[in-house]
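Undergrad: Take a look at this one; I'll ask things after.
Derivation of every value follows stated rules applied to the coordinates shown; laboratory data play no part. Predicted, not measured: the structure shown is a model, and the values here were computed from it. Every residue, glycine among them, receives a Cβ derived from its backbone with ideal geometry; neighbour counts consider all protein chains shown.
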Amino acid sequence: MKKIKTMYKYKTYLLLFILFLLCITKKINSQTLQEVKDYIYNKTEIKHKEIVYKQVIQETRWLKCTNCSLDYNNLFGFYWKKKYLVFSSWEDSIIYYEKWQKRHYTDGDYYEFLKNRPFATDPMYISKLKHIKL
């Protein structure tokens, strides 16, 4: 009986250690899509919120990408000099996007605006955004 308790305790510690490692390596994201959506929709003045939310989904593969901008809390794939911008939190990347949008976007078709910016390198980016079902 004592051996079973020891083994159970060992497995519990091992599981906790694995979860800890996953969190450190960001394999488990602290945010969920619903939290990101709520933040974009309720705490920002971002225009075309649905399209911007679709950008998060596209850039991070539904917050499941690995070895991508998400590793740097960068929900939008912003980069400078071929390196992803690093944010201290995913909320900070949304705040950065909001400021970026205010600087560059005035009015009109937002898909057209994104197409004419050096934002996306994929020629199918706009088409992919339009096909994301929420």
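Undergrad: Any idea how many residues of region 28-57 are in a loop (DSSP other than H, G, I, E, B) and among the charged types (D, E, K, R)? Break it down stepwise before answering.
TA: First pass over region 28-57, keeping only residues in a loop (DSSP other than H, G, I, E, B): 28-32, 44-48.
Retained after the next criterion (residues that are among the charged types (D, E, K, R)): 45, 47.
Of the residues in that region, 2 qualify.
Undergrad: Just the residues that are out of contact with any helix residue (DSSP H, G or I) (no Cβ under 6 Å at 6 or more places or on another chain) and exposed (fewer than 15 other Cβ atoms within 10 Å of the Cβ), please, taken from region 72-99.
TA: Result: TYR79, TRP80, LYS81, LYS82, LYS83, SER88, SER89, LYS99.
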